[in-house]
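What follows is a single structure, written as structure tokens, with notes after it.
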Amino acid sequence: MTTIQWFPGHMTRAKRQIQEKLKLIDAVIELLDARVPHASRNPMIGEILRGKPRLVVLNKADLADPHSTERWIAAFRGEGLDCVAVDSAGGRGVQEIPGRVRQLAAPLFERMKARGVNPRPVRAMIVGIPNVGKSTLINRLAGRGAAATGDRPGVTKGQQWIKVGGVMELLDTPGILWPKFDDPAVGLRLAAIGSIREEILNLEEVAFFVVKTLAAKYWDALAERFGLEGGPPDDPDDAGRIVDVLERIGRKRGCLAGGGRVDLEKASGALLRELRTGKIGRITLEEPDEFR
Ligand code: G4P
């Protein structure tokens with residue numbers, strides 16, 4: 001996993017790099033993580049893209065709750081943004097993208113046609129925060145191991161177009177965006193899915209957030225995975241009850257410290273590993289109605 005420490009200078013440079021490339025393209029593919037579509041979004045995206053048509057793509061949909069994904073797609077469409085869910089690693093849904101992007105650029109192509117300009121493939125670029133799956137999607141669309149993987153603002157390889165099935169041309173380097181760090185809830189969610197360095201946040205704090213969210217929304221999956229008896233904590237706002245669940249998880253995974261006590265840090269690590277690899281089930285950590 002690559003992680004970038006973002007500083008204001010990096011953000012300015014990343015923004016400028018994307019805006020320079022906007023001149024070359026007709027439409028943008030905004031890549032988000034289907035498990036945290038809000039937290040994985042750049043706070044300035046509208047301003048950065050300056051009204052360029054964009055398709056929202058919810059990636060890693062294989063790891064997300066399909067019902068939540070449906071709700072997120074509806075929410076984005078309600079905002080007037082077309083949206084599709086994909087699994088770039090497995091390939092599912094990816095074939096939808098070129099046609100949708102072509103559709104977004106339809107008005108532009110109509111105008112070109114009216115001026116007698118010959119039709120050409122739609123030109124697009126992918127933008128998203130680190131680790132959201134930009135390189136994986138580029139490779140998948142390219143159909144070969146072709147994507148550049150320089151994942152650092154300031155590093156630009158020679159610009160190349162990747163041809164995608166005759167209808168689309170894709171810039172081979174994605175635009176790298178930063179997430180909204182100043183909101184602690186965003187940091188917790190990105191840490192939960194493994195998109196930001198754990199050292200930045202306290203591991204136990206991240207696990208506490210995960211247990212609380214899963215106990216409220218996915219208790220059955222959590223209980224089944226870790227063999228937890230009984231129902232969810234009756235008072236989810238009682239921190240002691242949440243820690244108790246984490247301790248039970250730790251005990252099941254043999255994360256013990258001296259004197260038979262549970263090593264909460266190890267328990268947190270075990271929980272997060274199983275969450276991120278989908279072992280607990282398909283889980284989405286935020287819902288669109290939290291942001292209305
Ligand atoms: P980036 O260019 O946006 O930084 O992301 P990249 O493609 O490198 O993908 C980050 C990780 O996410 C990779 O895991 C990749 O395999 C995984 N990934 C990308 N798309 C999907 C998807 O649709 N579904 C699933 N399940 N995984 C996806 P990795 O190589 O194991 O990296 P890491 O675990 O070391 O971070």
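The values are calculated or read from the model by the stated rules, or taken from the named source; none is laboratory data. Everything quoted here is computed from the prediction, not taken from an experiment. All Cβ positions, glycine included, derive from the backbone under ideal geometry; neighbour counts span all protein chains shown. Ligands, DNA and RNA are excluded from the accessible area calculation, which covers all protein heavy atoms including side chains. Shrake-Rupley method; radii C 1.70, N 1.55, O 1.52, S 1.80 Å.
From the list A27, A61, the one residue that fits, being open to solvent by 10 Å² or more (accessible area, probe 1.4 Å) and among the small types (G, A, S), is A61.
Grab the helices (runs of 4 or more DSSP H) fully contained in region 1-79, keeping just those with 3 or more residues being modelled with pLDDT of 95 or more, away from the ligand (no atom under 16 Å from the Cβ) and small (G, A, S). Filter on region 1-79 gives 66-78.
Of all residues in region 173-195, count the ones that are within 14 Å of the ligand (Cβ to nearest atom), in a loop (DSSP other than H, G, I, E, B) and under 29 Å from E20 (Cα atoms). So the count comes out to 6. Taking the criterion of being closer than 19 Å to W178 by Cβ and over 20 Å from the mean Cα position of the chain (by Cα), no residue of region 116-143 qualifies. Looking across region 69-89, the residues that are more than 16 Å from V164 (Cα to Cα) and either among the small types (G, A, S) or open to solvent by 30 Å² or more (accessible area, probe 1.4 Å) (or both) come down to E70, R71, A74, A75, R77, G78, E79, G80, D82, A85, A89. For I249, the conditions (1) open to solvent by 20 Å² or more (accessible area, probe 1.4 Å); (2) within 28 Å of the chain's Cα centre (by Cα) all hold with the exception of (1). For first residues located in region 199-212 and of a type in the set (K, R), partners that are part of a loop (DSSP other than H, G, I, E, B) and modelled with pLDDT under 95 and lie 6+ apart or on another chain with Cβ distances below 7 Å form the pairs K212/P236. Among residues of region 218-228 being without any contact (Cβ under 8 Å) to a residue 60 or more places away in the chain and part of a helix (DSSP H, G or I), the one that is surrounded by the most Cβ atoms within 10 Å (Cβ to Cβ) is L222. Sub-6 Å Cβ pairs linking a first residue in region 115-130 that is under 22 Å from K15 (Cα atoms) and open to solvent by less than 60 Å² (accessible area, probe 1.4 Å) to a second residue that is of a type in the set (S, T, Y) and at pLDDT 95 or above, at least 6 apart or interchain, are I129/S40, ordered by first then second residue. Out of the residues in region 263-292 that are open to solvent by 90 Å² or more (accessible area, probe 1.4 Å) and within 14 Å of the ligand (Cβ to nearest atom), which is nearest to the chain's Cα centre (by Cα)? Within region 263-292, the match that is nearest to the chain's Cα centre (by Cα) is R282. Regarding L271, is this residue assigned to a helix (DSSP H, G or I) and under 26 Å from L58 (Cβ atoms)? Yes, satisfied.
Being among the aliphatic types (A, V, I, L, M) and in the same structural domain as L141 (by TED's automatic domain parsing) holds for only one residue in L246, L275, L171, and it is L171. Taken over region 29-56, residues that are under 21 Å from G187 (Cα atoms), touching a residue at least 40 places away in the same chain (Cβ under 8 Å) and out of contact with any Asp or Glu (no Cβ under 6 Å at 6 or more places or on another chain) amount to 12. Would you call R92 closer than 20 Å to N139 by Cα, open to solvent by 20 Å² or more (accessible area, probe 1.4 Å) and either among the charged types (D, E, K, R) or at pLDDT below 95 (or both)? Against the criterion (closer than 20 Å to N139 by Cα, open to solvent by 20 Å² or more (accessible area, probe 1.4 Å) and either among the charged types (D, E, K, R) or at pLDDT below 95 (or both)), R92 qualifies. Per this entry, V245 is not counted among residues that are touching a strand residue (DSSP E or B) at 6+ places or on another chain (Cβ under 8 Å) and not basic (K, R).
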